[in-house]
Structure formats: C-alpha cells, structure tokens
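For reference, the structure discussed in these notes is given below.
The values are calculated or read from the model by the stated rules, or taken from the named source; none is laboratory data. Quick caveat: nothing in here was measured; it's all calculated off a predicted structure. Heads up, the Cβs are rebuilt from the backbone with ideal geometry, glycines too, and the neighbour counts pull from every protein chain shown.
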Amino acid sequence: MKTTFYTALLLLFIGFSSCSSDDDNAQKQPETHANLLTKINDVTEGLVTTIAYDSSNKMISFDRTANDFNPETHLTFTYDAAGLLSEMVAGTAITKYFYNAEGKLTKTEQSNSGTIYSVHQFVYAGSKVTDNYNYAPTNQGWKEIYTFENGNVTQVESYSATSAANPNGTYEGTFHRSNYDGKPAVKSSMPWQFQFPDVSANNVGTSQYCTTCVSNFVYEYNADGYPTKRTENGTATVLYEYKRL
C-alpha cells in the first residue's frame, strides 16, 4: 500500500515539476514588438533612405540620397478616411490610388503638373495579380503577372510591348522566388500599396531569373525577428534600422 502511495506521490511531483518548468519556460520567452522601418543603408550602392511616420504609425515621408545612377528622392504620402493610401507626391509628380468596394487596389494614376502620363491597372485571379502598365504618350506599356503563396511572391512573369492591339505583349522571362524566412518583411511597416503587387509577408531567400542568374540572401535579425542586415551572394550589403513599438 505504501509503495502505491509513494508511486502516486512521485508521479504527482513529476507532473507538477513538468508544469512548473513549462510555465517557467513560457515566462522566459522574450516579448516581441512590432517595428517601424526608419532607415535603409545600402552600403554597396551608397544610398541611404530615411522614413518618417505619423502618430498613427503610417508612413508619411520617404527620403533617399543620390548616387551616380539614382537621383535624390523625396516622397510624401496621404491617406483617406479608411486609412488607405490615397496619394503619393514627388515634387510636381503625383500618384493617385483607386480601390474597389472591397478595398482592393484596382488602379494607380501618375501625373505631372496635372497631366496623366501613365496608369497601372490591377487584375485579380485566384493567387495571381496582373499589373498592366500603360504609358500615355505612346499608348504602349508592359505587364507583369505575380503569383502568391502564403502571402509571398513566388513567381513574376514579365511581358513587354503591350498595347490595345497586342494586350499579351512579348514574353520576356520569369523570376522565381523561394526560401522565404518566415520572419516579418523588412518593409512590412510601409503601406502595402507603395510597391504593390511586389509585396511579400516575409523576406526572400533566393531569387532566380535564369540558370546562372541567381541571388541568394542571408539575413541577420533583431530581437523581434526583423532583419537588420541583408547580404546578397556574400558581398552586397544592406543595413536596416527600426523604431520599436
């Protein structure tokens, strides 16, 4: 009888210790916070971008320095009553964003000094989004078809020389993206419309255009899982800074 009692007591103690250990481990897990991207330092290209937000943590400005191949950039952003990006301004150039009743982005219009010069129209079909671009002065453009899986872009088909007479254009090639890291995307604090539809939930590990055209990315992360450093093919380096909420 004593053996049975002590056995039961031992099992109870083991169970209690296990629960306590689990509780302790749970308590030791660090608390993660959302982060706002505030600076991008492209060390290889010599470009530095600073980003500012309003009191609601919406991006309101995007400023990038210049190098030999890229001009200085200053962008400001405004939002509608529903919190959706409505306008992006770069000097006299304005991009306006249009949505359907479901809040899906259907079109963007780019104008300069009041004259519309280009339009992007977006078509949704299952896991695919097609970006149809038209340049008004020539009435020609291009299109890209994005395929998504688990919130990430896995494929981009590119076509050039599209027009009303040739809406399919000329096939140029396909980008394949894979090995996403499962961590918050670097630009997750930016409005998703800013670079739509080239927007993913996580950070890409491999991007491939042809057999020999492959980029492999390695990341370092902060305590909240956001990338602080990205290295491409072992050399090209980009550094990221954040504001922790």
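A few points about this structure:
- Scanning segment 207-239 for residues that are over 15 Å from the mean Cα position of the chain (by Cα) and closer than 17 Å to residue 149 by Cβ gives a single hit, 208.
- Conditions (1) in contact (Cβ under 8 Å) with a residue 40 or more places away in the chain; (2) surrounded by fewer than 18 Cβ atoms within 10 Å (Cβ to Cβ); (3) in contact with a strand residue (DSSP E or B) (Cβ under 6 Å, 6 or more places away or on another chain); (4) not basic (Lys, Arg): number failed by residue 198: (3)
- Qualifying positions in segment 41-98 - of a type in the set (Ser, Thr, Tyr), in contact (Cβ under 8 Å) with a residue 40 or more places away in the chain and farther than 17 Å from residue 191 by Cα: 44
- Evaluated against (1) surrounded by 14 or more Cβ atoms within 10 Å (Cβ to Cβ); (2) without any contact (Cβ under 8 Å) to a residue 24 or more places away in the chain; (3) over 30 Å from residue 34 (Cβ atoms), residue 115 falls short on exactly one condition, (1).
Condition check ((1) over 18 Å from the mean Cα position of the chain (by Cα); (2) crowded, with 17+ Cβ neighbours inside 10 Å; (3) at pLDDT 95 or above; (4) under 24 Å from residue 60 (Cα atoms)) across all residues:
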{"site": "105", "(1), (2), (3), (4)": "no, yes, yes, yes"}
{"site": "110", "(1), (2), (3), (4)": "yes, yes, yes, yes"}
{"site": "140", "(1), (2), (3), (4)": "yes, yes, yes, no"}
{"site": "153", "(1), (2), (3), (4)": "no, yes, yes, no"}
{"site": "169", "(1), (2), (3), (4)": "yes, yes, yes, no"}
{"site": "178", "(1), (2), (3), (4)": "no, no, yes, no"}
{"site": "191", "(1), (2), (3), (4)": "no, yes, yes, yes"}
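- Residues that are crowded, with 19+ Cβ neighbours inside 10 Å and over 24 Å from residue 108 (Cβ atoms), drawn from segment 180-189: 180, 184
- Close pairs from segment 151-166: first assigned by TED's automatic domain parsing to the domain that holds residue 121, partner among the aliphatic types (A, V, I, L, M) and in a strand (DSSP E or B), Cβ under 9 Å, at least 6 apart: 155/145; 156/145; 157/145; 158/145; 159/145
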